[in-house]
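One structure below.
The values are calculated or read from the model by the stated rules, or taken from the named source; none is laboratory data. Computed from a prediction, not measured in an experiment: that's the story for all the values here. Glycine also receives a Cβ, built like all others from the backbone with ideal geometry; neighbour counts cover every protein chain displayed.
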Amino acid sequence: MEHIIYKSLPPEEAEELGLELQDTKKAKSFVNAFLRHSMPRLKKKSIQECLERKAVVLEHDYKKKKKKRSKAKGLSAKERRDMRLFQIKPEQQRYEMFLPLHELWKQYIRDLCNGLKPDAQPQMIQSKLLKADLHGAIIMVTKSKCPSYVGLKGIILQEMKHVFKVITKEDTLKVVPKLNCVFSVETDGFISLIYGSKFQLKSSERSAKKFKGKGSIDL
């Protein structure tokens with residue numbers, strides 16, 4: 001077995017491969033050191049027995065490095081404010097410009113409610129509307145602790161956690177707080193009331209929100 005492990009390479013083949021033949025003793029010592037290093041758990045006799053019977057998988061200390069996925073970093077709220085990404089410019093504050101948006105919103109609500117038929121249940125429409133996207137809806141403030149807001153009507157351009165940004169027919173952009181206000185939304189003859197004090201959350205969070213059947217407000 002020993003002569004098979006340390007069999008010398010013929011000089012002609014070594015010359016073709018560009019290898020320099022080493023002394024037999026040096027070759028033996030190198031192979032023994034290599035096997036002891038590669039299979040530290042096995043004794044010398046066990047190594048020889050393994051080599052006689054089967055191929056041996058050498059041990060190694062290589063550890064796979066987990067690649068960290070780089071997450072796309074978005075803009076912070078402060079950066080968005082500084083860049084004025086959501087600011088509506090004065091020349092864009094025209095009611096007629098957003099009427100097509102309102103028409104799209106009405107069609108969106110019809111599809112959401114499977115068609116607003118005369119025999120549709122108001123409770124079903126109310127529950128769908130409370131979780132729907134209101135951008136493009138026409139709302140009116142029906143009650144408020146601040147009398148100046150009562151009667152204000154317009155298209156919702158932006159909805160935030162605590163306020164609605166509304167464009168009126170007078171081409172005026174109004175910021176209306178949700179707190180202590182009641183809003184009405186009319187869709188194909190169906191009128192729904194929204195109690196702003198119970199509605200203070202982002203539009204994206206409403207789909208998981210459970211609303212009470214009846215709202216209340218201290219006015």
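In table form, for the structure just shown:
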quantity	calculated
All positions within segment 84-114 that are at pLDDT below 75 and of a type in the set (A, V, I, L, M, F, W, C)	L85, F86
Residue check, K117 charged (D, E, K, R), at pLDDT below 85 and either exposed (fewer than 12 other Cβ atoms within 10 Å of the Cβ) or more than 19 Å from V182 (Cβ to Cβ) (or both)	yes
Strands (runs of 3 or more DSSP E) within segment 128-219 that include 1 or more residues modelled with pLDDT of 90 or more	138-144, 153-159, 163-167, 173-177, 181-187
Lone qualifier among L179, L152, L134 - being under 26 Å from Q87 (Cα atoms) and surrounded by fewer than 17 Cβ atoms within 10 Å (Cβ to Cβ)	L179
Test for K73: is it modelled with pLDDT of 80 or more, among the basic types (K, R) and either assigned to a loop (DSSP other than H, G, I, E, B) or out of contact with any Gly (no Cβ under 6 Å at 6 or more places or on another chain) (or both)	no
Close pairs from segment 135-164: first farther than 17 Å from F199 by Cβ, partner surrounded by 14 or more Cβ atoms within 10 Å (Cβ to Cβ) and small (G, A, S), Cβ under 7 Å, at least 6 apart	V150/S144; I155/G136
Members of segment 91-110 that are of a type in the set (D, E, K, R) and more than 14 Å from H135 (Cβ to Cβ)	E91, R94, E96, R110
Scope segment 93-127; condition under 28 Å from the mean Cα position of the chain (by Cα) and either polar (S, T, N, Q) or assigned to a loop (DSSP other than H, G, I, E, B) (or both); matching residues	Q107, C113, S127
In segment 158-176, the residues that are hydrophobic (A, V, I, L, M, F, W, C) and surrounded by 19 or more Cβ atoms within 10 Å (Cβ to Cβ)	F164, V166, I167, V176
